[in-house]
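Okay, structure first, notes after.
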Amino acid sequence: MPVMADRNSSWMMSKHLAKAILRDRAERRKWMFRLLMVALGLMGTGLWLIDGWLEESPWRFLAWWAMCAGVTGGVMLFAVYDMLMVVKEEREKADGKRK
């Protein structure tokens, strides 16, 4: 039974960490920048460093670029979430000034 308790505490800790990152604008943007750098690094690696290795197998090629697309999609989702949160925060500020 301790394994289940450990999973729950790990899950809760991950959940709290995600909330902390998503609620703080500066932290959110730091993580978005890091994820963008990972995406660009993966693409650069695939284009210039391991291009010969990727050309050897179509499955390798597709898997690599699917991974790059997944990370890039994550960056895009993060950016959309950030945009929506900024709009929400600014609306709350504007509503507070009106009252």
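Bear in mind that the values in this text are calculations on the coordinates, not laboratory data. Keep in mind it's a predicted model, so treat the numbers as computed, not measured. When we count neighbours, we look across all protein chains shown, and the Cβ atoms used for this are built from the backbone with ideal geometry, even at glycine.
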Exercise for the section: Enumerate the pairs (first residue in the range 34-61 and touching a residue at least 24 places away in the same chain (Cβ under 8 Å); second residue anywhere and of a type outside the set (Val, Ile, Thr) and loosely packed, with under 15 Cβ neighbours inside 10 Å) with beta-carbon separation below 8 Å, excluding pairs fewer than 6 apart on the same chain, so at least 6 apart or on different chains. Expected result: Leu42/Met67
Problem - Hits in the range 38-64 - residues which are exposed (fewer than 15 other Cβ atoms within 10 Å of the Cβ) and among the aromatic types (Phe, Trp, Tyr) - result: Trp48, Trp53, Trp59
Problem - Any helices (runs of 4 or more DSSP H) falling wholly within the range 1-71 and containing at least 3 residues that are closer than 30 Å to Glu90 by Cβ - result: 2-23, 25-44
Handout entry: Top-ranked residue of the range 62-80 - restricted to ones that are without any contact (Cβ under 8 Å) to a residue 12 or more places away in the chain and of a type in the set (Gly, Ala, Ser), ranked as farthest from Ala39 (Cα to Cα)
Key = Ala63
Practice task
Confirm whether Val71 is within 13 Å of the chain's Cα centre (by Cα) and of a type in the set (Val, Ile, Thr).
Solution key: yes
